[in-house]
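The values are calculated or read from the model by the stated rules, or taken from the named source; none is laboratory data. Computed from a predicted structure; not experimentally measured. Note that each Cβ is placed from the backbone with ideal geometry, even for glycine, and that neighbours are counted across all protein chains shown.
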Amino acid sequence: MTKHDADQFTVKREPFYKEVGGEVALYEAAYARRMPVMLKGPTGAGKSRFVEYMAWKLGRPLITVASNEDMTASDLVGRFLLDKDGTKWQDGPLTTAARIGAICYLDEIVEARQDTTVVIHPLTDHRRQLPLDKKGELIEAHPDFQLVISYNPGYQSLMKDLKQSTKQRFAALDFDYPGAELEAEIVAAETGVDAKTAGKLVQIAHRSRNLKGHGLDEGISTRLLVYAGQMIAEGVNPNAACKMTLVTPLTDDPDMRETLQAAVETFFV
């Protein structure tokens with residue numbers, strides 16, 4: 001792997017991120033020891049943005065994998081491919097990260113099958129190795145390599161959870177939506193809307209979050225608030241912007257939509 005290979009995964013610009021509770025220093029300490037890290041929290045609470053920010057801050061390449069139930073070990077590690085010249089090996093994202101010393105971020109890891117996630121085990125203990133069984137190669141992870149995973153505990157079930165043998169290979173950071181004042185600051189900075197509008201959006205979100213478990217699986221995320229703010233900044237009527245970004249995506253239940261729309265109309269007629 002060349003420097004050019006690593007450069008394509010480098011985070012070029014500083015991502016906007018507001019620290020909530022000392023997580024930056026904690027992550028830096030974990031990275032200093034190349035400790036595997038698990039980020040736990042609801043959707044849209046800033047887990048992916050945090051990893052991107054830390055990769056930028058540490059000057060490390062970042063390779064992100066969106067986990068899904070169809071993902072196989074070969075999708076992570078690599079496979080032989082046929083082309084006009086015959087058969088050749090192509091590294092998967094996990095293998096590439098281990099070779100070049102990148103941070104490999106496996107987003108929503110519980111979406112992947114458990115027999116797939118087992119492939120990360122040798123990289124997350126003292127061995128820091130990745131066996132490529134199909135190729136007959138054993139990769140010693142680059143000294144700068146680190147593995148980060150994330151998942152939403154709110155979606156845990158007996159069918160979709162990490163094995164203890166996986167969980168206990170990671171240090172973990174809890175993420176949640178920031179306090180109202182900080183969340184409004186984030187929305188304003190990310191979208192360009194004024195502080196008053198951002199504050200109203202956050203209050204709508206707080207009302208929705210109180211409905212979690214009472215008709216909603218999840219409340220309105222910070223990510224959706226940013227979408228709403230971006231629409232408003234584009235000149236869209238705030239009520240219509242909120243309906244499109246905060247109400248319609250969240251639920252198909254007519255009564256719950258009516259409840260959410262009422263919350264919107266409390267602040268945006």
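Contact annotation: residue pairs with Cβ atoms under 7 Å, 6 or more positions apart or on different chains, pairing a residue in segment 36-53 that is among the hydroxyl-bearing types (Ser, Thr, Tyr) with a partner that is not in a strand (DSSP E or B), are THR43/ASN152; THR43/GLU218; THR43/SER221; TYR53/PRO15; TYR53/TYR17. Scanning segment 168-179 finds no residues that are in a helix (DSSP H, G or I), surrounded by 13 or more Cβ atoms within 10 Å (Cβ to Cβ) and touching a Gly at 6+ places or on another chain (Cβ under 7 Å). Is it true that some residue in segment 194-209 is in a loop (DSSP other than H, G, I, E, B), over 30 Å from TYR27 (Cβ atoms) and either at pLDDT 95 or above or of a type in the set (Val, Ile, Thr) (or both)? Checking segment 194-209: at least one residue is in a loop (DSSP other than H, G, I, E, B), over 30 Å from TYR27 (Cβ atoms) and either at pLDDT 95 or above or of a type in the set (Val, Ile, Thr) (or both).
Checking every residue in segment 151-160 against the condition of being more than 26 Å from SER221 (Cβ to Cβ) and surrounded by fewer than 19 Cβ atoms within 10 Å (Cβ to Cβ) gives zero matches. For segment 212-242, which residues satisfy the criterion of being over 26 Å from LEU182 (Cβ atoms) and touching a helix residue (DSSP H, G or I) at 6+ places or on another chain (Cβ under 7 Å)? Residue satisfying the conditions is GLY215 alone.
Assessment of segment 51-63 against the conditions (in contact with a Cys (Cβ under 7 Å, 6 or more places away or on another chain), outside the structural domain of ALA184 (by TED's automatic domain parsing) and among the aliphatic types (A, V, I, L, M)) yields at least one matching residue.
Selection within segment 225-262: residues that are within 20 Å of ALA188 (Cα to Cα) and over 27 Å from the mean Cα position of the chain (by Cα). The member of this set that is surrounded by the most Cβ atoms within 10 Å (Cβ to Cβ) is PRO238.
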